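The values are calculated or read from the model by the stated rules, or taken from the named source; none is laboratory data. On a predicted model such as this, the values are computed, not experimentally measured, just so you know. Counting neighbours? That spans all protein chains shown, and the Cβs are built from the backbone with ideal geometry, glycine included.
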Amino acid sequence: MPFSTRIYQSWRKIQREKYTQLWPRVSEHFRESFSVLDFGIGKAWFYEFLDEQGFGFARVVGVDNDQKMVEPRRDGVSYIITGDFHTPERFDSIIAFDSLHLARQPAGLEEMLKPGGTILATEPSRFRDSLSLLRQHPFTILDEGEIGETEEDFYTLSRKEQA
C-alpha cells in the first residue's frame, strides 16, 4: 500500500480548509458546463465541497494511480486508474490538487486542455516549483497565491492560449 494511501484520510480537514479559501478566489473562471479532468482525484473531496456550494461541473473524469485512493467512488465521476495517463480527449479545465509533483510527465497536461481552457493546480509550498510549467507558453497566469493555514499550499490558475 503506498504511503499516500495510508495517510490520505487524515488530510480531509486540511484539504477542505484549502478549498474554502481557494474557491472564492477562482470560481469566476469556472462554469457548470465545463468538462473537467481531475489529475490525482483521490476521494473526490473537492466535488463534495462544490456540491455544498451549489455548484457542479457537467462532466468530471478523475485520474489516479491507486485503486484504493478512489474508493468509495463518487457518483457522477468517471474514473481512470493508471500510472501514466494520457488521453486524446480535450477538457475545458484541468484540476490538480497536490499531485503535479507526483506526475511522471506533467508537461503533457496542456495537450489535454482545450484552447482557452483553465488549469488550477495546488502544491504544498515545498513543491511549488512543480507549478512552473503553468507559468510558461502556452499558459497565461490568471491568479496565484498561497492558501492553507494548517498546511501551506501555493496555487496557480492559468489559461491556455487560444489556437
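Return yes or no: is I7 more than 21 Å from T118 (Cβ to Cβ), out of contact with any strand residue (DSSP E or B) (no Cβ under 9 Å at 6 or more places or on another chain) and modelled with pLDDT under 90? Show your work before the answer.
Working: more than 21 Å from T118 (Cβ to Cβ): yes; out of contact with any strand residue (DSSP E or B) (no Cβ under 9 Å at 6 or more places or on another chain): yes; modelled with pLDDT under 90: yes.
Yes, satisfied.
Is it the case that F127 is among the aromatic types (F, W, Y) and over 16 Å from Y19 (Cβ atoms)? Talk me through it step by step, then tell me what you get.
On the way: among the aromatic types (F, W, Y): yes; over 16 Å from Y19 (Cβ atoms): yes.
So F127 fits the description; yes.
If you go through region 94-146 one residue at a time, how many are among the hydrophobic types (A, V, I, L, M, F, W, C), surrounded by 14 or more Cβ atoms within 10 Å (Cβ to Cβ) and farther than 18 Å from G62 by Cα?
Keep residues of region 94-146 that are among the hydrophobic types (A, V, I, L, M, F, W, C), which gives 94-97, 100, 102-103, 107, 109, 112-113, 119-121, 127, 131, 133-134, 139, 141-142.
Pick out the ones that are also surrounded by 14 or more Cβ atoms within 10 Å (Cβ to Cβ) and you get 94-97, 100, 102-103, 109, 112-113, 119-121, 127, 131, 133-134, 139, 142.
Going one step further and asking which of them are farther than 18 Å from G62 by Cα, we end up with 127, 131, 133-134, 139, 142.
Residues that pass the stated criteria total 6.
Yes or no, residue by residue, for (1) among the aromatic types (F, W, Y); (2) exposed (fewer than 14 other Cβ atoms within 10 Å of the Cβ); (3) in contact with a helix residue (DSSP H, G or I) (Cβ under 6 Å, 6 or more places away or on another chain); (4) not in a strand (DSSP E or B):
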residue: K43; (1), (2), (3), (4): no, no, no, yes
residue: D51; (1), (2), (3), (4): no, yes, no, yes
residue: V61; (1), (2), (3), (4): no, no, no, no
residue: D75; (1), (2), (3), (4): no, yes, no, yes
residue: Y79; (1), (2), (3), (4): yes, no, yes, no
residue: D84; (1), (2), (3), (4): no, yes, no, yes
residue: P88; (1), (2), (3), (4): no, yes, no, yes
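Screening L22 on (1) exposed (fewer than 15 other Cβ atoms within 10 Å of the Cβ); (2) modelled with pLDDT of 90 or more shows it passes everything except condition (1). Per the conditions (1) at pLDDT 95 or above; (2) assigned to a helix (DSSP H, G or I); (3) of a type in the set (A, V, I, L, M, F, W, C), the sole criterion not satisfied by F127 is (1).
For region 122-156, the set of residues classified as in contact (Cβ under 8 Å) with a residue 40 or more places away in the chain and under 18 Å from A103 (Cβ atoms) consists of T122, D153, Y155, listed by residue number. In the set (1) closer than 26 Å to T140 by Cβ; (2) aromatic (F, W, Y); (3) outside any loop (DSSP other than H, G, I, E, B), F55 fails one condition alone, (3).
Can you name the residue in region 91-106 that is modelled with pLDDT under 95 and in contact with a helix residue (DSSP H, G or I) (Cβ under 7 Å, 6 or more places away or on another chain) and, of all such residues, is nearest to Y19 (Cα to Cα)?
Taking region 91-106 first, the residues modelled with pLDDT under 95 are 96-106.
From the residues that got through so far, the ones that are in contact with a helix residue (DSSP H, G or I) (Cβ under 7 Å, 6 or more places away or on another chain) too are 97, 100-101, 106.
Working: F97: 10, L100: 17, H101: 19, P106: 22 Å.
Filtering first and then ranking leaves F97.
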